[in-house]
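Asker: Below is the structure I would like to discuss, written out as structure tokens.
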Amino acid sequence: MQTYGSVFARIYNERWAGFAGHIAPLIRQYYKRDGQRPRTLLDVCCGTGQLARHFLDAGYRVVGLDQSADMLDYARANTADCIAAGRADFFRGDAAAFSLDERFGLAVSTFDALNHLPDEAALRGCFQSVINVLIGGGIFIFDLNTRAGLLHHWNGIHIDDTPELTLINRAIYDGGERAYTRISGFVPARDGLYERFEEVFFNTMFALDRVHSALLAAGFKTVHSAETHDLAAPVENPEALLRVFFVAQT
Ligand SMILES: C[S@@+](CC[C@H](N)C(=O)[O-])C[C@H]1O[C@@H](n2cnc3c(N)ncnc32)[C@H](O)[C@@H]1O
């Protein structure tokens, strides 16, 4: 289980939520392409709630699930009006094994959140948990960093050094089953002081043919992989992409 503690959740909310904001309208456009569908969304590994916010603004009911209490605090703050109106709920839980009483037309998991699962058994547990809460014909859309993507952009040291933040991101991937990142730094605290933080993450590299098979084994009837900019167009060789989206329908 990965951390996403209080300081990093703050940084994520302020600086890292752009991907969710970018992809949310593309996913919604894909979901509603053949007419009316139930406006109900489960956001697995919802993070700080920016994708949820987009769907709420479009009139959806949204349930978010995340293992980090601190990320969930931001998700709740970012959607407080909709929670008060009974249109949004956020729960702490493990994407690899969860159950909910509610059913959804759409489930998503974005920004390589499922690469955070430790192994294929956990990924299969996630697929089973998701399909159990989808209605017939429901759709699950998620993205993964591919092996090619991890090799291409993971390795390196990146430093942000501004008055607002010092952040050092050290990342290593050798082509094997796991990529690791250590993010450490300082953020302003009270009285002109700075608070130090450190987070260590991994990304599990999943073989994409096995992900495809695992979705079918979980009971999804159709599965295709796609590029970010066109979720409707199946790609022949997903391993060649740096990031792949899976679109699975019950
Ligand atoms: C890279 S962030 C993505 C957040 C959000 N989906 C987005 O697009 O910005 C990964 C999220 O997955 C959550 N996470 C990691 N492992 C998890 C698990 N096993 N169960 C639930 N959430 C998990 C983290 O707490 C974090 O909020």
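The values are calculated or read from the model by the stated rules, or taken from the named source; none is laboratory data. From a predicted model like this one, the values you see are computed outputs, not experimental measurements. For neighbour counting, all protein chains shown are included, and Cβ atoms are generated from backbone atoms with ideal geometry for every residue, glycine included. Ligands, DNA and RNA are excluded from the accessible area calculation, which covers all protein heavy atoms including side chains. Shrake-Rupley method; radii C 1.70, N 1.55, O 1.52, S 1.80 Å.
Asker: For the chain, give the magnitude of the charge dipole about the Cα centre (Cβ charges: +1 Lys/Arg, -1 Asp/Glu; no others), in debye to the nearest 20.
Answerer: The dipole of the chain has a size of about 640 debye.
Asker: Let me ask something else. Quick one: Cα centre-to-centre distance for region 131-195 and region 209-250, in angstrom?
Answerer: Region 131-195 and region 209-250 have Cα centres spaced 22 Å from each other.
Asker: If Rh is defined by the Kirkwood formula over all Cα pairs and Rg also comes from Cα, what ratio Rg/Rh do you get for the chain?
Answerer: For the chain, the value is 0.96.
Asker: Another one. Can you tell me, using C-alpha contacts under 8 Å and at least 6 residues apart, the relative contact order of region 55-177 as a whole percent?
Answerer: Relative CO of region 55-177 lands at 20 percent.
Asker: Once you place label points 7 Å from the Cα toward the Cβ at Arg196 and Arg170, how far apart are they in nm?
Answerer: Result: 1.3 nm between the two label points.
Asker: Report relative contact order for region 149-204 in percent, whole number only (criteria: Cα-Cα under 8 Å, sequence separation at least 6). Can you show the working numbers first?
Answerer: Values: 103 pairs, mean separation 15.3, N = 56.
In percent, rounded to a whole number, it is 27.
Asker: I would also like to ask the following. Taking only protein heavy atoms into account and a 1.4 Å probe, give the accessible area per residue of the chain in Å².
Answerer: Counting only protein heavy atoms, the per-residue value for the chain is 45 Å².
Asker: Dividing the alpha-carbon radius of gyration of region 84-202 by 2.2 N^0.38 Å (N being the number of residues), what value is obtained?
Answerer: Expressed relative to 2.2 N^0.38 Å, the Cα Rg reads 1.37.
Asker: If I take every Cα pair under 8 Å that is 6 or more residues apart in region 130-249, average their sequence separation and divide by the length, what percent do I get for the relative contact order?
Answerer: 29
Asker: Given Cβ point charges of +1 (Lys, Arg) and -1 (Asp, Glu) and nothing else, what value in debye, to the nearest 20, does the dipole of region 168-250 about its Cα centre take?
Answerer: It works out to roughly 200 debye.
Asker: Which three numbers, in whole Å and largest first, are the semi-axes of the equivalent ellipsoid of region 19-120 derived from its Cα gyration tensor as √(5λ)?
Answerer: Square roots of five times the eigenvalues give 20, 16, 13 Å.
Asker: Which of the peptides 150-163, 86-99 is most tightly packed, and how do the rest follow, judged by the mean count of other Cβ atoms within 10 Å per residue? If you can, show how the numbers build up before the last one.
Answerer: Numbers: 150-163: 12.4, 86-99: 16.6.
Put in order of decreasing packing, that is 86-99, 150-163.
Asker: Under a plain spin-label model, where a point goes 7 Å from the Cα along Cα-to-Cβ, how far apart in nm are Asn155 and Glu177?
Answerer: If labels sit at Asn155 and Glu177, their model points lie 2.1 nm apart.
Asker: Per the 1.4 Å probe, what fraction of the accessible area of region 128-184, in percent, lies on carbon and sulfur atoms?
Answerer: 53
Asker: Kindly state, as a whole number, the per residue volume in cubic angstrom of the convex hull around the alpha carbon atoms of region 149-204.
Answerer: Working: hull volume 3.7 nm³, N = 56.
So the per-residue Cα hull volume is 67 Å³.
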